[in-house]
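In what follows, a structure is listed as structure tokens, so that the remarks can point back to it.
Derivation of every value follows stated rules applied to the coordinates shown; laboratory data play no part. On a predicted model such as this, the values are computed, not experimentally measured, just so you know. Using ideal geometry, Cβ is built from the backbone for each residue, glycine included, and neighbour counts are taken over all protein chains shown.
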Amino acid sequence: MNLDWYYMARGPLFKFAVLFFLFGMGYRLFMLLFLGWKKDYAPARGSAIVGIVKAFWHHAWPPEGLREVYKGRLLAVLSGDIFHLAAFTVILFQPAHVKIWGKILGFEWGSLPMPIVDIAAGIALISLIVMAIDHLASPVRHLTSTTMSWLNLFFVFLPLLTGWMTYHHLWLPYQTLLTFHMLAVEWILIWMPLSKMSHFLYFFVSNVIHGVKFGKMGTL
Amino acid sequence: MSPATVMEDKAVKQFIKTVGGEIAAQLEACMRCGVCAEACQFYLTTGNPEYAPVWKMELLRRAYVQNFTVIGKVKTMLGLEKPISKEDIAHWTELDFHACTVCRRCSLACPMGIDVGGLISKVRAGLTAAGSTPPDLLHMKDKQLEVGSPNGATEADWIAWYDWAERERGIEIPRDVKGAETLVVFTMLELGSFRENLVYVARILNAAGVKWTVSPRARDAFNMGKVIGDKKLEKLFAERIINVAKELGVKQVLITECGHGYAALREDMPNIYGGPLPFEIIHITEMMNRLFKQGRIKLRKGVFDNGHRITFHDSCKIQRTGGLFDEPRELLQYLAPNSFVEMNPNREMTICCGGGGGVRAIKDAYDLRMGAFRLKVEQVEKAQADTVVMTCSNCRLQFMDGFKHYQLQKEAVGLVEMVAKALID
Amino acid sequence: MKTIYEELLERGMTRRDFLKMATVLTAALGLEHTMVGKVVAAMESKPRLPVIWLEFQDCAGCSESLTRSHDPYLTKLLFNDISVDYHETLFAAAGKQAEENKEKIMKEYAGKYVLVVEGSIPTKDGGVYCTVSGKTAIQQLKEAAENALAVVAIGTCGSFGGLPHAYPDPTGAVGAGSIIKDKPVVNVPGCPPMPEVITNTIAHVAILGELPELDYLGRPKAFYGNTIHDRCPRRPFYEQGKFAESWDDEGAKKGWCLYKLGCKGPTTYNACAVIKWNEGVSFPIQSNHPCIGCSEPNFWDNNHVYDPVAFPPGLGDAAGMNKAGAAFLAGGALAIGSALLASQQKKKAAKGGEKEG
């Protein structure tokens, strides 16, 4: 029947994707933990805790000197920041997503009205397109971009696009759209441990390292 | 195995050796967005995307991916990942030694918090392990190994400097005094070019009544091992100082106006030993501030308020990664409360002078470092400063070269000199 | 053979009444106004088509629904004029006599009768789980379908297998479309389908002698073209993010969206929100109960009735959580192994470096 993929996407494939994601991220986390860590014996001038707080705070609100640097690649920095804000608005506050998180985590939070989620999804999609333009326009980004980074952009684009299409019920039957959306999400779950998309984990580790290191030096 | 393969092999082995959780986390976090490029004076002044810090650490990333990740191993097997080649090593030697001062401005710019500069110094270590270090730096390393100082100054030369100070300036330079509380270590850059610093430091310490000494055996804080990324040499050179300091039983080792020598002793050595050093490593900047605050030295307030605008250049090893931001500023604000102005950006986001990390020693990199200095010139001109004060002799030499190159009538001064001149005896 | 129009005239209907009826009928069939002429022409030129109504694994709920149709014209049309000639629940004849009657029609009207299938067809074990007069449902269906003008599957069971198909599906139940491959099957799913939808669809086939426009699941687009969600009177609350969170909270009393209480409106294609039940009185959502999506294939297995439509089946259950934890730890164990290998590699590299250096 025509709905076979729908059942596959909602049932076995989803389960597989989630398990694969957890397996992969478990691998990544434990690999990181057991790869060997060195203690820093250098005398501390500043506080590591303050450093960590500032390391994260500087991303939310860059100090003047940092803003100066960011100005050079404003498009990239802003599209990156705005994408994450918009995408997480969608992922965390779309009513259906809230219910799913609630079911998984055991507690729930309020959802946002659909038009707001809709706009957020649109912003996220546009910022991904801006990122793609930046890949071509910035000489440095062009040099460092690889097939993988293009695939990453594309694979993130898909669930947002299909989700947005599903909400607007564009052209295809609802189940077909939902199937595409689910498949795109599942693919991302599988793709994440295999690619740079796992940076969500390392972002925190890396910034803590940064905060400890530069906090102790007295830089931050 | 051909000799060529052995070369890359050595680099890769060095990379494998260094990779731990900390480096892996940072390499994995890197999204290669290239924002770090906007922090790099070499990229900003040339527009060459290969000078982006993210690209300079590419070799380390490749070695990591190929040896530590499942995907990377599979890709290498399928031929999708290029192993590091002899050409790569030659190419990155130029990128990482000629066009990087390891000033770590990029580290602070990184949106993912990656210590890009720190990772580039790991790449330098790999290149050095492969025997691919710029000849100018190798020459300096050999000199330091053979005669003690990278510029070829021998023990006799140093003693001649000490004698000069005693003879010409009439100030005693105590040598190898057992039981002294402070061992003062200069660098050959400083004494080679600004010999008066010896006198200035002596006067400040004498004025404060510090029991200090120098040692002809532990004479040079310069550390070529740190510059080229050879931990064994770094330890060897640092131990020349540490062993004497232990022997003399000093409480602190005072590093004068040298950036990386201070960092090598303070940041690197405890980690190489795996424990803290039995004495304090202190930079002259912090020392002066401390003595001033304790009231052990008295300075004439506003002595430099003479119509010239004075600004302060933050050096990478002493300020950005040393944390000594307020110490020099407090002194300057006392000495020149009305004429002291800040450059922008400053403090931890300071723009590098462009001559550190051995770049100033590489003759072929002259155009690059002078190009990079353009940013500094712009900053100084924007601040409308006539005098730039700093606490690192390498920066100071680069400033002097740069002002000459750009034909500017501006002065680069060491803070030590200003403080010494402001002393109330 | 008499045409429908002639039969109606015989019963005392005037031309004026006939045209009026044809107009209403056109609208009821979900056709455009311009199609009235076509309907009139069809009724004037074509004889009435007999309907054979077969029941297999069913509860006769669909037939019950049919008898509650509130459209007088259509009901009359079906029972009086179109003539359902074989209907196990509704007609008086039984046993051999009934079967003979059916066979007679099938022969007499070969290629001209409409076959309606209610209930699912068991396929397991040679189809023994449902037999009528000694023949399995599969045989019955195949025989009846062979010379049928069209096949209309009524109800979710007849269309997609429905409740008998639900896990663990002991009889291997399927819809008519899975058995009949050489003829188009019109699916009229629902548990039960709306009476108007049943009558209209059968009337469409029987009067016009052709199939209505169908969607990808073989459903008439006129009735299954939109989701309940798209036509739901509570849709604005969904958009505003106003949801009833429990059955008796403020939101439920104010008639807010029932999405979070498991409404399957978004994935359910049906006309409930427009035509409504019991002569247009109400439909589940209006009566403060979420749509359970009864007209969708596999609706029973697809989600718990009160789970939001977004939940993949089995999400967050204890077994799943255990599996998730196990997967994470398995990844971790593998990683520790890899890390040990890596540290060996590092030691080797360090040693090699020393030898050479």
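What's the Kirkwood radius of the stretch C:164-225 in Å, using all Cα pairs? Every distinct Cα pair counted, the radius reaches 12.9 Å.
Electrostatic tally near residue C:340: other residues with Cβ closer than 15 Å to its Cβ, Lys and Arg +1, Asp and Glu -1, net +3. Could you work out how far helix A:199-217 tilts from the main Cα principal axis of chain A, as a 0 to 90 degree angle to the nearest 10? The helix A:199-217 is inclined about 10 degrees to chain A.
Against chain C, whose longest principal axis is taken from its Cα atoms, helix C:195-208 shows a tilt of about 60°. In chain C, Cα pairs under 8 Å separated by at least six residues give a relative contact order of 14 percent. Of the candidates C:217, C:340, C:163, which one comes out as most mobile in a Gaussian network treatment of chain C with C-alpha springs shorter than 10 Å? Per the Cα network of chain C with a 10 Å cutoff, C:340 tops the list.
Farthest toward the positive end of the dipole of the stretch B:151-293, out of B:264, B:252, B:213, is the Cα of B:252, where the dipole comes from beta carbon charges about the Cα centre. Full extension of the segment from residue C:289 to residue C:330, taken as 0.36 nm per residue of separation minus the current Cα-Cα distance, would add 10.4 nm.
Ranking B:344, B:64, B:405 by Cα position along the charge dipole of chain B, where only Lys, Arg, Asp and Glu carry charges on their C-beta atoms, puts B:64 farthest toward the positive end. On the basis of the beta-carbon distance and an R0 of 30 Å, residue C:110 and residue C:64 show a calculated FRET efficiency of 0.45.
For residue C:264, the lysines whose Cα comes closer than 22 Å to its Cα, not counting residues fewer than 8 places off in the same chain, are A:15, A:99, A:103, C:221, C:242, C:253, C:254, C:276. Taking the three principal axes of the alpha carbon atoms in the stretch C:229-302, the coordinate ranges are 31, 31, 21 Å, sorted in descending order.
Across the stretch B:3-132, C-alpha contacts under 8 Å between residues 6 or more apart give a mean separation that, scaled by the residue count, equals a relative contact order of 37 percent. Inter-chain Cβ neighbour count for A:193-204, averaged per residue, equals 4 (cutoff 10 Å, partner chain atoms only). A simple spin-label model places the labels of residue B:246 and residue C:181 8.8 nm from each other, with each point 7 Å out along Cα-to-Cβ. GNM on chain C, alpha-carbon springs under 10 angstrom: the most fluctuating residue among C:110, C:153, C:273 is C:110. Counted over all Cα-Cα pairs of the protein assembly as shown, pairs farther apart than 56 Å make up 39 percent. For the peptide A:16-25, the mean number of other protein chain Cβ atoms found within 10 angstrom of a residue's Cβ is 5.
To the nearest 0.05, how large is the calculated FRET efficiency for residue B:147 and residue B:239 if R₀ is 25 Å and r is the Cβ-Cβ distance? That gives a FRET efficiency of 0.90.
Note on residue A:200 and residue C:317: the model spin-label points, each 7 Å out from Cα along the C-beta direction, lie 2.6 nm apart. Annotation: aspartates and glutamates with alpha-carbon distance below 12 angstrom to residue B:293 (same-chain offsets under eight excluded): B:327, B:330. Suppose we keep just the DSSP beta bridges with both residues in chain B; what percent of those would be antiparallel, to 5? Taking every DSSP beta bridge with both residues in chain B, the antiparallel ones total about 5 percent. Testing the spin-label approximation: label points 7 Å from Cα along Cα→Cβ at residue A:82 and residue A:108. State their distance in nm. Taking the simple label geometry, residue A:82 and residue A:108 are separated by 3.3 nm.
Among the residues of B:264-272, the average count of other protein chain beta-carbon atoms within 10 Å of the residue beta-carbon is 3. On the beta carbon distance between residue A:61 and residue B:344, with R0 = 25 Å, the FRET formula returns roughly 0.85. Shown for the stretch B:310-421 is the translational diffusion coefficient from the Stokes-Einstein equation, using the Kirkwood radius over Cα pairs, a temperature of 10 °C and a viscosity of 1.306 mPa s: 114 µm²/s.
Using bins of 5 Å that start at zero, the share of Cα-Cα pairs per bin across chain A amounts to 1, 6, 10, 14, 17, 17, 14, 10, 6, 3, 1, 1, 0, 0, in whole %.
So for the stretch C:48-224, averaging the separation of alpha carbon pairs under 8 Å that are six or more residues apart and normalising by length, what relative contact order in percent results? Relative contact order, the stretch C:48-224: 26 percent.
Using only side-chain charges placed at the Cβ, +1 for Lys and Arg and -1 for Asp and Glu, the dipole size of the stretch B:237-332 relative to its Cα centre rounds to 400 debye.
Pairs from the table (B:211/B:363; A:54/B:246; C:2/C:107; A:213/B:404; B:232/B:363) lying more than 29 angstrom apart at Cα are B:211/B:363; A:54/B:246; A:213/B:404.
Summarising the overall dimensions of chain B from its C-alpha atoms, the Rg and Dmax are 21.9, 75 angstrom.
Taken about its Cα centre, the stretch B:151-293 carries a charge dipole of roughly 320 debye when the Cβ of each Lys and Arg holds +1 and the Cβ of each Asp and Glu holds -1.
If only the Cβ of Lys and Arg carry +1 and only the Cβ of Asp and Glu carry -1, the dipole of the stretch B:3-132 around its Cα centre is close to 240 debye.
Roughly how large, in nm² to one decimal, is the mean projection of the convex hull of the alpha-carbon atoms in chain C? Result: 28.5 nm². Counting only DSSP beta bridges with both residues in the protein assembly as shown, the antiparallel share comes to about 20 percent.
With the Kirkwood sum run over all distinct C-alpha pairs, the stretch A:32-135 has a hydrodynamic radius of 17.1 Å. Taking only alpha carbon atoms, the stretch B:220-328 gives an Rg to Rh ratio of 1.04, where Rh is the Kirkwood radius. Entry note, the protein assembly as shown: the mean residue ellipticity at 222 nm calculated from DSSP H runs of n ≥ 4, each adding -39500 (n - 2.57), is -16500 deg cm²/dmol after division by the residues and rounding to the nearest 500.
The mean of 1/r over all distinct Cα pairs in the stretch B:79-215, once inverted, gives the Kirkwood hydrodynamic radius of 18.4 Å.
Taking a point 7 Å out from the Cα of residue C:32 in the direction of its Cβ, the residues of the stretch C:189-218 whose backbone N falls within less than 16 Å of it are C:213-214. Taking the Cα atoms only, what angle lies between the long axis of helix C:36-45 and the longest principal axis of chain C, rounded to 10 degrees? Approximately 50 degrees, to the nearest ten.
Considering only C:89, A:208, C:194, and ranking their Cα positions along the charge dipole of the protein assembly as shown that arises from unit charges at the beta-carbon of Lys, Arg, Asp and Glu, the one farthest toward the positive end is A:208. With Rh defined as the Kirkwood radius, the inverse of the mean 1/r over Cα pairs, the Rg/Rh of the stretch B:151-293 is 0.94. May I ask for log10 I(q)/I(0) of the stretch C:48-224 at q = 0.14, 0.17, 0.19 Å⁻¹, from a Debye sum over the Cα atoms as equal point scatterers with solvent left out? With one equal scatterer per Cα and no solvent, log10 I(q)/I(0) is -0.67, -1.02, -1.31.
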